[in-house]
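Since the structure comes first, as structure tokens, the remarks are kept for the end.
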């Protein structure tokens, strides 16, 4: 039997939490958030996480890389409505691969889980080539934050 190398560190405690007010422009005629806006909420959560933990997009670009999203998933459980404030909790999923995996939980004002999701981003170098090994600055960052 072939034993696979462990893909993820299940013990990552790196997270960030932000509150997002639901705006009128984000809801449909029933006052419910249109499903496409959840991906925008994920982006807001990801940006907050990256700024809080020192790996924001400008820092990544300063090292000569970009991070396009190559996968996103979203599981809706309850609706969000106009006038509510949503809380987006973003967690970093540690992996040895040259990619960033973020997991999201969105809660309503009653602290009920309304949505879960995940995004995967890969590293591209300055010539837009896929990077197969984790860049040194990310290895340094992981060491700094205890991963």
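On inspection, residue 86 passes the criterion of being in a strand (DSSP E or B), within 15 Å of residue 18 (Cβ to Cβ) and at pLDDT 95 or above. For segment 89-110, filtering for residues that are part of a loop (DSSP other than H, G, I, E, B) and either closer than 30 Å to residue 137 by Cβ or touching a residue at least 12 places away in the same chain (Cβ under 8 Å) (or both) leaves 6. Listed by first and then second residue, the pairs with beta-carbon distance under 6 Å, at least 6 apart or on different chains, first residue in segment 48-59 and in contact (Cβ under 8 Å) with a residue 12 or more places away in the chain and on the phi > 0 side of the Ramachandran plot, second surrounded by fewer than 15 Cβ atoms within 10 Å (Cβ to Cβ) and in a helix (DSSP H, G or I), form an empty list.
Please verify whether residue 61 is touching a strand residue (DSSP E or B) at 6+ places or on another chain (Cβ under 7 Å) and surrounded by fewer than 16 Cβ atoms within 10 Å (Cβ to Cβ), treating the condition exactly as stated.
So residue 61 does not fit the description; no.
Does residue 102 qualify as being more than 18 Å from residue 16 (Cβ to Cβ), under 16 Å from the mean Cα position of the chain (by Cα), buried (at least 18 other Cβ atoms within 10 Å of the Cβ) and modelled with pLDDT of 95 or more? No. Taking each residue of segment 21-34 that is at positive phi and surrounded by 14 or more Cβ atoms within 10 Å (Cβ to Cβ) and looking for partners that are modelled with pLDDT of 95 or more and assigned to a loop (DSSP other than H, G, I, E, B) with beta-carbon atoms closer than 6 Å, six or more apart or interchain, yields 31/82. Regarding residue 76, is this residue touching a helix residue (DSSP H, G or I) at 6+ places or on another chain (Cβ under 8 Å) and more than 30 Å from residue 131 (Cβ to Cβ)? Yes; evaluated as a whole, the condition is true for this residue. Picking from residues in segment 9-35 that are closer than 19 Å to residue 53 by Cα, assigned to a loop (DSSP other than H, G, I, E, B) and in contact with a strand residue (DSSP E or B) (Cβ under 7 Å, 6 or more places away or on another chain), the one that is modelled with the lowest pLDDT is 12.
Test residue 131 against the criterion of being more than 30 Å from residue 78 (Cβ to Cβ), in contact (Cβ under 8 Å) with a residue 40 or more places away in the chain and in contact with a strand residue (DSSP E or B) (Cβ under 7 Å, 6 or more places away or on another chain), and give yes or no.
Spelling it out, residue 131 is indeed more than 30 Å from residue 78 (Cβ to Cβ), in contact (Cβ under 8 Å) with a residue 40 or more places away in the chain and in contact with a strand residue (DSSP E or B) (Cβ under 7 Å, 6 or more places away or on another chain).
The values are calculated or read from the model by the stated rules, or taken from the named source; none is laboratory data. Model, not experiment: these values are computed from the prediction. Cβ sites come from the backbone with ideal geometry, for glycine too, and all protein chains shown count toward neighbours.
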